[in-house]
Amino acid sequence: MWLGIDLGSRTVKTALMDENQQISYRLFDTIKFYREFGRLENGRLQVDLHKLLGTDRIQTVTSTGYGRQNINLAGARSIPEIKAHVTGAAHTTGLADFTLLDLGGQDSKVALVRGGRMADFQTNDKCAASTGRYLENMAAVLDISLEKLSLYYQDPVDLTSTCAIFGETELIGRVVEGCSTARLAAGVNHTIFKRIRPMLQQLSSQVLVFTGGVAANTALQEIIRRELGVRLVLPPEPQYAGALGCCLIAAAQAPATERKRFIL
C-alpha cells in the first residue's frame, strides 16, 4: 500500500492506495494531526501510521504540501506540491492538456500542463489574499459560514485592498456604510479572482482544472467561468489531489513485483 500525505496549513489530507488502485481518503485538522499522531525525534516528525490509518501494510510514504518545508517527516519522500497536484489532477480527470489552479489555505498555485507534463508554473505564497485563510477571515467578519459566503457572486462591492489584513478593515468599513452581506460576500469572492487572474492569464488554456479546498467555493467557480470563458473541471475529490498525486508517483516508481497491476 502507498500513502500520500498533503501537509496543508489548515488541514492534513491522506490518500491510501492498494495494489488494485482502491483509494481511501482521510482529512485531519493540522494542529490535531500533529498533536495526536506525531512526535518529534532527533529533529524529524515520527507519525504513528497504525494509529492514524489502522494498518501496518504501508510500503511507501510520500509527502507534499505547505508543511513539508518546515516538517521533516521521518521515512517519507518529499515532493513539490505543484508536481503532486498536477499528477493527481491529470489522473482523476483523464486530461493531458490543461491549466491547473490550486488554492489552499495559505498559498495559490497555477500550472500549465501539456501532454500530461507540467510545462510552466507560478505560485504566490507571499500574501494570503488569494487563499482559503482570506476567505475564512472575511466570512468571520461578515459573521457567515464559508458555505454561505460561496453562494454570492452577483453585484459585488468593489474591494480595492490587495492585503488580507487591510482587507478586513476595508470590509468592516463597507459594513458600516450599510452594504448588504450578499454584495460584500460577492466582493470578497471577486477579490480572490482578481488576485489569481494574472497567473491564470499568463498560463492560460481552454480547460482549467481546479483543485484545493477553495475549489468548493461555487461562487468563485462561476466567476472564473464568466470572466475567462474556460471549461472548468473539478476532480471528484479536489481537496485530495495533492495526496493522491503522492500515491501515484510512489506507486509508479515502485518495483514491478510491488506494483502488480498498477498502471499510471
Exercise. Have a look at PHE166, PHE193 and point out the one that is assigned to a helix (DSSP H, G or I), aromatic (Phe, Trp, Tyr), within 28 Å of LYS13 (Cβ to Cβ) and outside the structural domain of TYR25 (by TED's automatic domain parsing).
Key: PHE193
Self-check item: Residue among VAL209, VAL188 that alone is touching a Leu at 6+ places or on another chain (Cβ under 7 Å) and outside any helix (DSSP H, G or I)
Solution: VAL209
Quiz item: Given THR14, THR60, which one is modelled with pLDDT of 90 or more and polar (S, T, N, Q)?
Solution: THR14
Practice problem: Say whether the condition of being more than 20 Å from GLU237 (Cβ to Cβ) and of a type in the set (A, V, I, L, M, F, W, C) is met by at least one residue in region 85-95. | Solution: no
Quiz prompt | Among the residues listed as ARG174, ARG231, ARG133, ARG225, the single one being under 16 Å from the mean Cα position of the chain (by Cα) and charged (D, E, K, R) | solution = ARG133
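Residues checked against (1) touching a residue at least 60 places away in the same chain (Cβ under 8 Å); (2) closer than 20 Å to GLY229 by Cβ:
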site	(1), (2)
PRO80	no, no
ALA84	yes, no
THR93	yes, yes
ASP97	yes, yes
LEU100	yes, yes
GLN106	yes, no
VAL110	yes, yes
MET118	no, no
PHE121	yes, no
Exercise. Kindly indicate which of TYR66, TYR34 is without any contact (Cβ under 8 Å) to a residue 60 or more places away in the chain and under 30 Å from GLN202 (Cα atoms).
Key: TYR66
Self-check item: Residue among ILE263, ILE165, ILE223 that alone is over 30 Å from GLY4 (Cα atoms), modelled with pLDDT under 90 and either buried (at least 16 other Cβ atoms within 10 Å of the Cβ) or not polar (S, T, N, Q) (or both)
Solution: ILE165
Self-check item: Filter result (under 24 Å from GLY115 (Cα atoms) and under 14 Å from the mean Cα position of the chain (by Cα)) within region 197-222
Solution: VAL209, PHE210, THR211, GLY212, ALA215
Practice problem: Report whether or not GLN154 is part of a loop (DSSP other than H, G, I, E, B), among the polar types (S, T, N, Q) and surrounded by fewer than 14 Cβ atoms within 10 Å (Cβ to Cβ). | Solution: yes
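This table checks each residue for (1) of a type in the set (A, V, I, L, M); (2) surrounded by fewer than 19 Cβ atoms within 10 Å (Cβ to Cβ); (3) outside the structural domain of VAL110 (by TED's automatic domain parsing); (4) under 21 Å from VAL86 (Cα atoms).
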| residue | (1), (2), (3), (4) |
| --- | --- |
| GLY173 | no, yes, no, no |
| ALA185 | yes, no, no, no |
| VAL188 | yes, no, no, no |
| ARG197 | no, yes, no, yes |
| GLN201 | no, yes, no, yes |
| VAL209 | yes, no, no, yes |
| ASN217 | no, no, no, yes |
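The values are calculated or read from the model by the stated rules, or taken from the named source; none is laboratory data. Bear in mind the structure is a predicted one, so any value in this text is a computation, not a measurement. Because the Cβ atoms are built from the backbone with ideal geometry, glycine has one as well, and the counts that use them run over all protein chains shown.
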